[in-house]
Protein chains: 2
Amino acid sequence: MASAEDIKNTVASYMKAISGKSADAVAALFAEGATVEDPVGTEPKRGVEEIRSFFTAIESMDQTAELLTIRVAGNSAAFHFRVTTKAGDQTYVVEPIDVMTFDDDAKITSTRAYWAQEDMTVS
Amino acid sequence: MASAEDIKNTVASYMKAISGKSADAVAALFAEGATVEDPVGTEPKRGVEEIRSFFTAIESMDQTAELLTIRVAGNSAAFHFRVTTKAGDQTYVVEPIDVMTFDDDAKITSTRAYWAQEDMTVS
């Protein structure tokens with residue numbers, strides 16, 4: 001099983017990859033056959049290629065991701081983070097809670113993102 | 001499906017029931033056949049009676065629970081909360097992230113609690 005430290009490192013890399021606007025860097029953190037359900041209740045993306053496609057949206061965004069809190073239990077992590085997106089004069093902030101599972105190499109095997117459109121703030 | 005408001009009300013009642021030291025009040029929030037995996041990676045408690053037994057531990061504790069953040073998506077909620085326990089001269093604080101699912105009546109059908117012993121602070 002991946003250690004808590006390895007799992008935290010993967011989540012830190014995930015924040016960095018989002019802030020770095022690289023769908024390839026995000027996709028590289030996922031295991032083959034991984035799923036992403038974002039937000040929870042929608043149809044999951046399945047497999048690294050579909051996940052990479054989903055994350056290409058970040059490449060054209062002025063966006064940063066910042067970890068607020070993380071809890072690791074077994075091969076899973078739950079974490080609260082802040083995504084700040086600037087578009088023109090406006091700043092959009094959303095702070096989801098994500099739950100991820102990890103394989104023995106601390107690659108992400110699933111993501112479930114808990115947030116709703118009404119949680120987003122605009123300033 | 002339960003509304004986001006109903007789900008948030010159940011979570012608020014859960015905080016109140018823990019702070020009120022009533023295993024019965026906690027158990028009453030769960031649906032028949034519900035499961036509690038606390039922490040994630042341990043064998044789940046199954047059914048209201050097992051859940052009630054698990055929560056009898058709170059009845060002898062000087063403990064309060066306080067909601068920090070909640071995100072609702074579909075019939076699920078993820079939330080970060082603080083449990084403060086006083087025992088003698090010491091104060092133990094743990095801030096888990098829990099994920100719950102809910103039935104149409106906003107009764108809890110499952111709880112998965114993400115935290116580890118090393119997340120606990122003692123002062």
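For segment B:111-118, check the following and say yes or no: at least one residue is closer than 30 Å to residue A:38 by Cβ and of a type in the set (A, V, I, L, M). Within segment B:111-118 (the criterion being closer than 30 Å to residue A:38 by Cβ and of a type in the set (A, V, I, L, M)), the answer is yes, since at least one residue qualifies. Note on segment A:65-74: among residues that are within 14 Å of chain B (Cβ to nearest Cβ) and of a type in the set (A, V, I, L, M), the one that is farthest from residue B:95 (Cα to Cα) is A:67. Looking at segment B:100-123, which of its residues are within 11 Å of chain A (Cβ to nearest Cβ) and closer than 17 Å to residue B:14 by Cα? Result: B:100, B:101, B:112, B:113, B:114. Of all the numbered requirements in (1) modelled with pLDDT under 95; (2) of a type outside the set (Lys, Arg); (3) open to solvent by less than 70 Å² (accessible area, probe 1.4 Å), residue B:88 misses one, and that requirement is (3).
Scanning segment B:104-121 for residues that are under 20 Å from residue B:46 (Cα atoms) and assigned to a strand (DSSP E or B) yields a total of 7.
Inspection of segment A:74-84 identifies at least one residue that is surrounded by fewer than 20 Cβ atoms within 10 Å (Cβ to Cβ) and of a type in the set (Lys, Arg). A Cβ distance below 9 Å, combined with a sequence gap of six or more or placement on separate chains, defines the contacts here; from segment B:75-99, residues that are more than 13 Å from residue B:8 (Cα to Cα) and more than 11 Å from every other protein chain (Cβ to nearest Cβ) reach residues that are of a type in the set (Lys, Arg) and open to solvent by 20 Å² or more (accessible area, probe 1.4 Å) in the pairs B:92/B:86; B:93/B:82.
The values are calculated or read from the model by the stated rules, or taken from the named source; none is laboratory data. For clarity, every value in this text was computed on a predicted model and none was experimentally measured. Quick reminder, even Gly has a Cβ in these numbers, built from the backbone with ideal geometry, and neighbours come from all protein chains shown. Just the protein is used for accessible areas: all its heavy atoms, side chains included, with ligands, DNA and RNA removed. Shrake-Rupley method; radii C 1.70, N 1.55, O 1.52, S 1.80 Å.
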